[in-house]
Every structure is written in structure tokens, then in C-alpha cells.
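Take a look at the structure below.
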Amino acid sequence: MYVRLQYSVVVPTYRGQDTIRPLTQQLDQFFCAAGLSYEVIFVNDCGPDHSWCVMQEVQAEFGSERVKIVRLARNFGQHNALICGFSHAQSDFIVTMDEDLQHSPADVGLLLAKQTEGDYDVVYGRYDALQHSGFRNFTSRMLKKLLAIGIPGLHPDFTAFRLIRAAIARYCLDMTNSYTFLDGYLTWITQSVGVVTVGHHERAARQSSYTVGKLIEHSINIFVTFSDLPVRLLSLTSVVVFVLMTTYSLYILARELFLNDLTPGFPNLIIMLGFGVGLLLLGMGILGEYIHRINLKTTRRPNFVERETFVN
């Protein structure tokens, strides 16, 4: 008889050859001690090490029902790898975590307890103290603040350590966008979000694949793809410039007609430049608004999400 699993743990891997096995062992200890049914889904994102070989060994050790492994054709990025894992999950809830042991498997219990407490669709593990370099911590905080301004609905405590209701996570499978940002998708889907404080440990065995440059690039892509703030700023600026240039052009025209004290040719130049630049910027603002709406349409953002359904 088929028994539905309670939890799926989706782990994107890039350079995890030294941490995949201990991570699996710790997850197994936690879920077995708690008496919970689970599966671990490793998604190999084509890193440069021997993660795939280790994943195969771990699957043989724990069994294919307990450990699933997926190998992507090329490097698609962490968030795409997570969504790939969602497509293979067969449980009621999905836990996402990194493979480098900075997220403790024991802290999964905190996510589970918080979800039960408020029946949340998403629970984020907020770190008590980041175990990165001081500069990396500073840039991470600044980039998060910028994203909070650009995407007001984005939860300020979003992290890679999450618990997601599987029914909610599956809506992400239907979204196609120029850039994938899982937490942006979740913002579009639900506002039922909880937060619990968890530990953040020293990275095991290797340095992070996310350099400061990559973090900045990642944030810029998110900002451009998910935020309408750049378009809104362009539209507002274009309207303001158009009004100012038009007003000044009318002033020059009136002065030429009634006072005629300007250098010959100056009024014509100002009027042409004023109206020309104003109309050009206004057109750019309007075009930006259309492009933004096209982006929303091609994203296949869901028109509605049913959290619970009771029908006869």
C-alpha cells in the first residue's frame, strides 16, 4: 500500500562531495528519532567536484526510496535546481537547505514546530548570526534592504532554509521567467509566512560558491525581473521632465511673443529641444510600462491560488 510521505528535503548541490554523506546521516537521525516519514532529494547542479558519485553511493547506502538523486544537464543555478526537486517531491511539506552543513538538520524541527503553530504555507529559518566574513555579511544585509525596497511584498527574513507546503511549492513549477527567484515566486503565491530563529554554522570543507560579485549580479537580476520600481521611477521621471520642459518652452515662447528680448534662434532651439526631449522621455516611460506588463504576462504568474478546497 502506498503511504504518502510527510516531508521531502530538497538539497541543491554544486560542490558537496564532502558534506552530502554527513548531511544525509544527520537528516536520517533527526527524522527517524522524530518518527516522521521523509525523503531526501539531491539535485546535482553540475559542480566541478565528484558530488554525483557521492550521491550515487549515498543512494545505494540508504535506498532509492529514502534518497532520490537528479543530475541536471548543465548548471542552472540554485533556485532552478530547487524547483526541479519540487517536481519529484512526494510529500505534504518540502524543506529546502544547503548542502554545506551551515543549516543544521536538527533545526528542521524548529521549522516544523513553527509551521504547526500557525499553519503557515512557508516558514523561513532566520539566522541568529551569519557565519560569513564581515564584508560578506554587510553586503548581504545591504542587498536585502534594497530588495525590500524594490519588492515590498518580499518577506524581509527570506533565507535558503525554508519549509514550504508542497501544494504551494508546486505552483512554482508552472512559472517561467527570464530569471528564477524562488522567494519572489512564493511572495506572489502566499502571504501565510512564518519565521523562526535557527543557527547558522561554519561552512564545512569549502568556500562558498557565491562571491560578492555573484551576489550583486543575483540581486540585480532579481531587482530587474521582480520589481517594478525601476519602471516606475523611469515613468515618474519622464512625466516630471516632460512637464518641466513643456512649461519652460511655453515660457520662452510667451517671452518671445510679448517681449522679443531673446537672441534670435534661441527660442526655436529651446522649444525644439524642450518638446523633443520631453516627448522622448515620456515615450520611454510609456514603453517601459508596456514592457513591464509583457514581463508579468510571460511569467505565467498564477491568477489565483487555492490554499484549501472543500467541495461536494
Any hit, the range 71-81, residues being surrounded by fewer than 18 Cβ atoms within 10 Å (Cβ to Cβ) and either over 24 Å from the mean Cα position of the chain (by Cα) or among the polar types (S, T, N, Q) (or both): yes
Only listed residue being in the same structural domain as residue 146 (by TED's automatic domain parsing) and not charged (D, E, K, R), chosen from 222, 270: 222
Residues located in the range 174-186, provided they are over 30 Å from residue 128 (Cβ atoms) and either at pLDDT 90 or above or small (Gly, Ala, Ser) (or both): 178
Complete set of residues in the range 35-76 that are part of a helix (DSSP H, G or I) and of a type in the set (S, T, N, Q): 51, 56, 59
The range 133-155 - residue that is farther than 18 Å from residue 232 by Cβ and outside any helix (DSSP H, G or I) and, of those, modelled with the lowest pLDDT: 133
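Listed here are the residues, each with its yes/no results for (1) under 40 Å from the mean Cα position of the chain (by Cα); (2) modelled with pLDDT under 75; (3) buried (at least 16 other Cβ atoms within 10 Å of the Cβ).
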| position | (1), (2), (3) |
| --- | --- |
| 189 | yes, no, yes |
| 198 | yes, no, yes |
| 204 | yes, yes, no |
| 214 | yes, yes, no |
| 239 | yes, no, no |
| 262 | no, yes, no |
| 272 | no, no, no |
| 287 | yes, no, no |
| 291 | yes, no, no |
Which listed residue, of 231, 311, 224, is modelled with pLDDT under 75 and within 24 Å of residue 179 (Cβ to Cβ): 224
Which listed residue is assigned by TED's automatic domain parsing to the domain that holds residue 79 and surrounded by 21 or more Cβ atoms within 10 Å (Cβ to Cβ), from 42, 30: 42
Some residue of the range 87-108 being part of a helix (DSSP H, G or I), among the small types (Gly, Ala, Ser) and surrounded by fewer than 21 Cβ atoms within 10 Å (Cβ to Cβ): yes
Selection count, the range 59-84, where residues are closer than 12 Å to residue 20 by Cβ and either out of contact with any strand residue (DSSP E or B) (no Cβ under 6 Å at 6 or more places or on another chain) or not β-branched (Val, Ile, Thr) (or both): 3
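The values are calculated or read from the model by the stated rules, or taken from the named source; none is laboratory data. Being a predicted model, the structure only gives us computed values, none of them experimental. Note: ideal-geometry Cβ built from the backbone for every residue, glycine included; neighbour counts use all protein chains shown.
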